[in-house]
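Trainee: Here you go, one structure.
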Amino acid sequence: MRNFSLIFLIIFFTINCTLNAQSGDKNKDLSNQKELLVSGIKKVKENNFEAALKDFDMAIELNPSSNLAHEILFNRAQLKRIELKKINSALEDYNLAIELNKSFVKAYMYRSLLYKRNFKNKSKALEDLKKSIEIDSSCGACWMQLGYSDQISFEEQFFALEKAFELGVDLDFNGVLEPSYYLYNQIANTRFHNTDSTDEDHIKTINYYQKCIDNLP
């Protein structure tokens, strides 16, 4: 009986040590991932794009399914789309980020830009924008991009742009709102090209252009 108890204690101690070691490794990986992510973002701002890419690559290699992996993949996708022009690879990263986080609003929104501008796939872009708003109806940046879509009616465009103005547009998802003048300009342009040519419509359109001018920096 004593031998059995001793064996049990040894097994329990071994399992416990193994689990603690694994937990420690995961925490260490996550900490290292955070450091590499911050470093990569800093290097992007410094226009050191290849070095930033290496940081993001190393961060993902540490643990491609961690709680931070979707953010790393998103930032790598942004770098590839905007600066490195690696369009197909950027799409792969957006897809992976969304697989890891099905509610990742900014990944849907920026993937929609990739579909629209680079792949010329407006229907896919519209799907992503609608999904982003379905997840978070308070995303002013998502509403703005929807208002730019020519895949919806004028009434829907106008509603989306007004909604974006009401909510405020935070393109970087960092709490900093974009200036309002360009939204006024877009609303005015949308009205100018789509509304009936009545005096009342012209006056409303002119008022939006005036608001754009009044809010110029």
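Taken together, the values in this text are just the output of simple stated rules run on the coordinates, not laboratory data. This one's a predicted model, so the numbers in the text were calculated from it and none came from an experiment. Quick reminder, even Gly has a Cβ in these numbers, built from the backbone with ideal geometry, and neighbours come from all protein chains shown.
Trainee: Determine the relative contact order of the chain: mean sequence separation of Cα pairs under 8 Å and six or more apart, normalised by residue count, in whole percent.
Mentor: Details: 239 pairs, mean separation 20.3, N = 217.
Here the relative contact order equals 9 percent.
Trainee: Related question: Would you kindly compute the Cα radius of gyration of the chain and its largest Cα-Cα separation (Dmax), both in Å?
Mentor: Computed over the Cα atoms of the chain, radius of gyration and Dmax are 24.2, 98 Å.
Trainee: I've got another one for you. Express the relative contact order of segment 93-217 as a whole percentage, based on alpha carbon pairs under 8 Å and six or more residues apart in sequence. Please list the in-between numbers first.
Mentor: Working: 150 pairs, mean separation 20.0, N = 125.
Answer for segment 93-217 is 16 percent.
Trainee: Taking the Cβ of Asp150 as the center, what net charge do the other residues with Cβ under 12 Å away carry, scoring Lys and Arg +1 and Asp and Glu -1? Could you put the intermediate results ahead of the total?
Mentor: Values: positive: Lys116, Lys122; negative: Glu156.
Residues close to Asp150 contribute a combined charge of +1.
Trainee: Cα to Cα, under 16 Å, and not fewer than 8 places away if on the same chain: which aspartates and glutamates meet these conditions relative to Lys124?
Mentor: Glu92, Glu134, Asp150
Trainee: Test of understanding: ordering Leu171, Leu183, Leu91, Leu146 by Cβ neighbours within 10 Å, fewest first, what list do you get? Working shown, then result.
Mentor: Working: Leu171 15, Leu183 23, Leu91 18, Leu146 26.
Listing Leu171, Leu183, Leu91, Leu146 from fewest to most nearby Cβ atoms yields Leu171, Leu91, Leu183, Leu146.
Trainee: To the nearest 20 debye, what is the magnitude of the charge dipole of the chain about its Cα centre, counting +1 on the Cβ of each Lys and Arg and -1 on the Cβ of each Asp and Glu?
Mentor: My answer is approximately 880 debye.
Trainee: Which of the lysines could a cross-linker span from Lys86 if the Cα-Cα distance has to be under 17 Å and same-chain partners fewer than 8 positions apart are dropped?
Mentor: Reachable lysines: Lys54, Lys116, Lys120.
Trainee: In this model, which of Lys43/Lys80; Lys80/Lys106; Lys45/Lys122; Lys130/Lys163; Lys102/Lys130 are farther than 18 Å apart at the alpha-carbon? Walk me through the numbers on the way to the answer.
Mentor: Details: Lys43/Lys80 14 Å; Lys80/Lys106 16 Å; Lys45/Lys122 30 Å; Lys130/Lys163 14 Å; Lys102/Lys130 14 Å.
Where the Cα-Cα span goes over 18 Å, the pairs concerned are Lys45/Lys122.
Trainee: A further question follows. Can you bin segment 149-217 into rounded, prolate or oblate? Criterion: square roots of the alpha carbon gyration tensor eigenvalues sorted a ≥ b ≥ c, rounded for a/c under 1.5, prolate for a/b above b/c, oblate for the rest. Don't skip to the answer; put the middle values down first.
Mentor: On the way: a/c = 2.94, a/b = 1.44, b/c = 2.04.
Cα axes put segment 149-217 in the oblate bin.
Trainee: Could I ask something else about it? What's the extension gain from His193 to Asn95 if we count 0.36 nm per residue and subtract their Cα-Cα distance?
Mentor: Working: separation 98, 0.36 × 98 = 35.28 nm, distance 3.52 nm.
Taking 0.36 nm per residue and subtracting the Cα distance, the gain is 31.8 nm.
Trainee: Next question. Full extension from Glu156 to Asp172: what is 0.36 nm times the residue separation minus their Cα-Cα distance, to one decimal in nm? All intermediate terms of the calculation are to be shown ahead of the outcome.
Mentor: Numbers: separation 16, 0.36 × 16 = 5.76 nm, distance 2.42 nm.
The span from Glu156 to Asp172 would gain 3.3 nm if fully extended.
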